[in-house]
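Participant: Just passing along the structure, written as structure tokens.
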Amino acid sequence: MAEDGDIIDNHTNAVSIVSNSKISFSIENDVVIAEATFDYLADYFKYSLSANSKPMNIEDILTDICRYAFAERKCSLNIRTVKQEVSRQISHILKSARERAHGNSIIGILRTKQDLLLHQVTENNDTNSSHSSYEEEIEAKIGRVYTTRGIKRSYVEDPISIEPRKNMHRHNKITKDQRDLLYIKDAYHITDSAFNAIIKYAQSDRSLCSLKEIERLRKDVNSRLPIQFAATCAFVKFEYAVRTAIFVARYYEPMLDNYDKLTIRINMDGTLIGNKHIVAISINCIEGGHQSQTSKNLVPLGLFEIEKENTDMLRKTLPKEFIDDIKTGKCITIEKRNVPIQIKLGGDLMNAVYVFGLAGFSSNHPCVFCTQHKDDLHITEETAYDKTVVEGKGKTKKTTVTRIGATSYHDLNKRARSLAEQKLCILEKNNALGYKHEPLFGDLFEYTDYCVDTLHMKLRIFDIILKDMLSHASRTGKYGSEHLAIIENKIKILNQHCQKTVGKRFFFQVDVDDKNKTITSHGKLSGHLQDLFFVDTFPYDDVLDDELAQSARVVVNKFKELLQEVKANSKTHNDRLKFLSIQFVKVFRASGLRTTVTPYIHIIGNHLFEFNQLNDLGDFNMQGVEKGNDLLSRLYFSSTNPAKYPLLTMLQKLYRMLEMNFENQNHRDAMAEFARTGVYDLVDDAALERRSSYKHKDGKFFNINDEQEEESSNKDKDQYVASLDETNESEDQNNIDLNESMIQTIEKRLNITSPSMNRKQL
């Protein structure tokens, strides 16, 4: 098919025939020329200009071409080739018309006479070819015809390479909207999970509300929280937190009200947020099961900024009111019933050292639970011996024989620690038996109220094993470049193992600061990554000597077997746990990785099976607390507005997130009421519906005795707002968002000047 300007002018051998008033044919130099009007091709033009993806139906034009070729010229044509050629030339006409239109309408150009140029297949038609031509004509009109026998053929369409015209205006608008949305996501640090949550919320039947309404709701929730705060701390009353923890525990243990005594675990753990040390204290009710100690169900008690973690700094940083409040919290009133509370301590060993006022792991008596000397930490029931001790010189020389055996964490006859012993040792001399200070909380915690955290035990022991293996792998017996070549080859093998197991987040390299060119690790191996890293395919033989490689493999496998038994958490198999614990200490000592044992390994050989017998090891797992520390870091760095008291806003958000764990609004209201007053029927869930109707007009819970307190608090609130107006500090900038009737600022009592932390509000 061609346009007028492309028609060949040589008509010497042309024979013309008009088969239709809108199309005529002629042959020139073995080329069939079809001259068609715009009206004849209008339907095909419309089809091509539309967005249809199906093949073009050119049955009518093929019929006219075949009638001319067969009837007038007595020649044969390849119908399939003609069909493809006609489709191609129609597309060529449209493309040429678009180029000539220069963005304007192409209808005027298409109205000009158009020509179809088709190559003639054969000049004359014989009897044998007439039948095949007829079959091809039929196939072109109705499709291919196959016999019922043979392999089934797949349907093949005759595509037309016509790209549908896009709505460029709509396409450009969509692209611009997508770019703007990407900019908003990146500029305001919106995470993928947050973006997906917003999209799902917007696509649901629920409607979005304004930021002003969100702020009003946030202020209403914050006004219920009796938070006391200063520049470096924010905390709630211990009784308030305990009641909240009991309410959360009852959600997972409906029969909680049948317990005669409840156990509250206080979790203390320090974390580094930016350049600041933050001590986060939370609680949970142990009777609520392991679900109550997950990160989202832990009840925040307080956040404290501290210069350095030790007993002295904690004693100076924690407000006296806060410590005294916890000391007196040994009983709580619920529905006019006094319920005794036993308080347990949760945390890693270093936290226990600070709370109990011990000298630490560098002392001669590093164990938190017993007074075993550091030289005898490896002693278990199977390796007890008689030790000869010589004291004095000359005539005062005295020789005694002491039995060194296994120790206990609760049996005083087996060197278990106690508060009474601590008082006597502090009076005699410093650091006697590892006692250094008075306990941080006085006599609130006995040493039997603390149990080892199996999470930190696992992390520290795997770290020790890896450190010892790297130390031995760095000893090559060579010097200079030969030593460095061996070290680099071992590092290559270790990094290949890392990429196969834990990825590139953890890797090894040469310690350039060490003149001996040793192997050092970089990155952090969390609990599940350690399980992936210490697999059977670890290259022990490639980085260690034969004998040491076999010993290290046995140590790792023994420890993994011990962890599986701890995970089973069965008191009926305590003898099995005791056997594995003692065997692990024996294997570690015989491995040659190091000559001594650490406090954690000593605890495994002497105290772990005791904890399992008298407690539930799962009740003291700190995995939820560690995840809570990660959440604190995200809250601290994901803020948008400047906050004068960042610890306050973080504590508020933690309580709001805890409240939102209850999807039912009645449950959330009941939790707020129970935390404030202790009045809530733990048996009758229907009381939730009844109490939800007894609300103040502003949505808060009050009783008759609180009316006078409310009036006085409103006056305090007015004074507070007035002081903000004088200093031109807006409420949105500072994000105090508190009802001052529930907050007592303790800066004056603590004599603290509040330097701005220059952080941002959550």
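Participant: Just a yes or no: is a residue in the stretch 407-421 modelled with pLDDT under 90, among the acidic types (D, E) and more than 43 Å from the chain's Cα centre (by Cα)?
Facilitator: First pass over the stretch 407-421, keeping only residues modelled with pLDDT under 90: none.
No, the conditions are met nowhere in the stretch 407-421.
Participant: Counting only residues that are of a type in the set (S, T, N, Q) and modelled with pLDDT of 90 or more, which one in the stretch 272-290 is surrounded by the most Cβ atoms within 10 Å (Cβ to Cβ)?
Facilitator: N284
Participant: Okay, next question. List the pairs whose first member sits in the stretch 425-448 and is more than 16 Å from A359 (Cα to Cα), whose second member is assigned to a loop (DSSP other than H, G, I, E, B), and whose Cβ atoms are under 6 Å apart, counting only residues at least 6 apart or on separate chains?
Facilitator: Correct list of pairs: T448/H410.
Participant: Identify, by number, the condition in (1) surrounded by 16 or more Cβ atoms within 10 Å (Cβ to Cβ); (2) closer than 17 Å to M268 by Cβ that G442 doesn't meet.
Facilitator: With (1) surrounded by 16 or more Cβ atoms within 10 Å (Cβ to Cβ); (2) closer than 17 Å to M268 by Cβ applied to G442, the lone miss is (1).
Participant: List the residue pairs whose Cβ atoms are under 8 Å apart, where the first residue sits in the stretch 322-336 and is among the hydroxyl-bearing types (S, T, Y), the second is assigned to a strand (DSSP E or B), and the two are 6 or more positions apart or on different chains.
Facilitator: T333/V339
Participant: Go through the stretch 195-210 and report how many residues are charged (D, E, K, R) and at pLDDT 85 or above.
Facilitator: 1
A quick yes/no check of all residues on (1) assigned to a strand (DSSP E or B); (2) among the hydrophobic types (A, V, I, L, M, F, W, C):
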{"site": "I283", "(1), (2)": "yes, yes"}
{"site": "D312", "(1), (2)": "no, no"}
{"site": "F322", "(1), (2)": "no, yes"}
{"site": "I326", "(1), (2)": "no, yes"}
{"site": "Q342", "(1), (2)": "yes, no"}
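Participant: Same structure again: Can you run down the residue pairs with Cβ atoms below 6 Å, 6 or more apart or on separate chains, where the first is in the stretch 62-83 and polar (S, T, N, Q) and the partner is in a helix (DSSP H, G or I) and crowded, with 18+ Cβ neighbours inside 10 Å?
Facilitator: Going by the 6 Å Cβ cut-off, the qualifying pairs are S76/S133.
Participant: When you look at L544, is it of a type in the set (A, V, I, L, M, F, W, C), closer than 17 Å to L617 by Cβ and crowded, with 19+ Cβ neighbours inside 10 Å, yes or no?
Facilitator: Judged against the criteria, L544 is not a match.
Participant: Oh, and also: Could you check the stretch 199-250 and list, in sequence order, the residues that are in a helix (DSSP H, G or I) and of a type in the set (K, R)?
Facilitator: Result: K200, K212, R216, R218, K219, R243, R250.
Participant: Now for a different question. Return the only residue of K517, K578 being buried (at least 16 other Cβ atoms within 10 Å of the Cβ) and not in a helix (DSSP H, G or I). Before you say what the answer is, go through the steps one by one.
Facilitator: Working: K578 fails: not in a helix (DSSP H, G or I).
Of the residues listed, the single one that is buried (at least 16 other Cβ atoms within 10 Å of the Cβ) and not in a helix (DSSP H, G or I) is K517.
Participant: Restricting the first residue to the stretch 354-372 and requiring it to be on the phi > 0 side of the Ramachandran plot, which pairs with a second residue that is of a type in the set (V, I, T) and surrounded by fewer than 21 Cβ atoms within 10 Å (Cβ to Cβ) meet a Cβ separation below 6 Å and a spacing of at least six or different chains?
Facilitator: Short answer, once both residue conditions are applied: G357/T311.
Participant: Sticking with this structure for a sec: Among the candidates V535, V555, single out the residue that is aliphatic (A, V, I, L, M), within 33 Å of the chain's Cα centre (by Cα) and assigned to a loop (DSSP other than H, G, I, E, B). Explain how you work it out, then say what you get.
Facilitator: Numbers: V555 fails: assigned to a loop (DSSP other than H, G, I, E, B).
Unique residue meeting the criteria: V535.
Participant: Considering (1) modelled with pLDDT of 65 or more; (2) over 15 Å from S87 (Cα atoms), say which one K46 fails and leave the rest.
Facilitator: Tallying (1) modelled with pLDDT of 65 or more; (2) over 15 Å from S87 (Cα atoms), K46 fails exactly one: (2).
Participant: Scanning the stretch 361-401 for residues that are part of a strand (DSSP E or B), at pLDDT below 90 and charged (D, E, K, R), which turns out nearest to Y447 (Cα to Cα)?
Facilitator: Selected residue: K387.
Participant: Filter the stretch 563-609 down to the residues that are among the basic types (K, R) and either modelled with pLDDT of 90 or more or assigned by TED's automatic domain parsing to the domain that holds L358 (or both) and list them by number.
Facilitator: Residues satisfying the conditions are R576, K578, K586, R589, R594.
Participant: I'm trying to understand the selection: among the residues of the stretch 68-105, which are closer than 19 Å to E28 by Cβ and among the basic types (K, R)?
Facilitator: R73, K74
Participant: Same structure again: Let me spell it out: the conditions are (1) out of contact with any Ser or Thr (no Cβ under 8 Å at 6 or more places or on another chain); (2) in contact (Cβ under 8 Å) with a residue 60 or more places away in the chain, and I341 meets all of them except one. Which number is the exception?
Facilitator: Just one mismatch for I341, condition (1).
Participant: Which of (1) at pLDDT below 95; (2) under 33 Å from the mean Cα position of the chain (by Cα); (3) farther than 30 Å from S408 by Cα is the odd one out, the single condition D513 does not satisfy?
Facilitator: (2)
Participant: For the structure I just gave you, tell me whether K567 is among the basic types (K, R) and part of a loop (DSSP other than H, G, I, E, B).
Facilitator: When the stated conditions are applied, K567 does not pass them.
Participant: Here is a further query. Condition (residue is among the acidic types (D, E) and either buried (at least 21 other Cβ atoms within 10 Å of the Cβ) or within 20 Å of A416 (Cα to Cα) (or both)) applied to the stretch 601-613: is it met by at least one residue?
Facilitator: Yes, there is a match, as at least one residue in the stretch 601-613 is among the acidic types (D, E) and either buried (at least 21 other Cβ atoms within 10 Å of the Cβ) or within 20 Å of A416 (Cα to Cα) (or both).
Participant: Can you say whether N258 is surrounded by fewer than 16 Cβ atoms within 10 Å (Cβ to Cβ) and farther than 19 Å from T649 by Cα, as far as the supplied structure shows?
Facilitator: yes
Participant: So which pairs qualify, if the first residue must be in the stretch 170-187 and more than 19 Å from I198 (Cβ to Cβ), the second must be at pLDDT 90 or above and surrounded by 10 or more Cβ atoms within 10 Å (Cβ to Cβ), the Cβ gap must be under 9 Å, and the two must be at least 6 apart or on different chains?
Facilitator: Filtered contacts from the stretch 170-187: no entries.
Participant: Still on this structure: From the list S408, S418, which residue is among the polar types (S, T, N, Q), more than 19 Å from T598 (Cα to Cα) and surrounded by fewer than 18 Cβ atoms within 10 Å (Cβ to Cβ)?
Facilitator: S418
Participant: Tell me which of these I8 doesn't satisfy, since it passes every other one: (1) over 27 Å from N167 (Cβ atoms); (2) at pLDDT below 75; (3) out of contact with any Ser or Thr (no Cβ under 9 Å at 6 or more places or on another chain); (4) not in a loop (DSSP other than H, G, I, E, B).
Facilitator: Looking at each condition in turn, I8 falls short on (4).
The values are calculated or read from the model by the stated rules, or taken from the named source; none is laboratory data. Bear in mind the structure is a predicted one, so any value in this text is a computation, not a measurement. Every residue, glycine among them, receives a Cβ derived from its backbone with ideal geometry; neighbour counts consider all protein chains shown.
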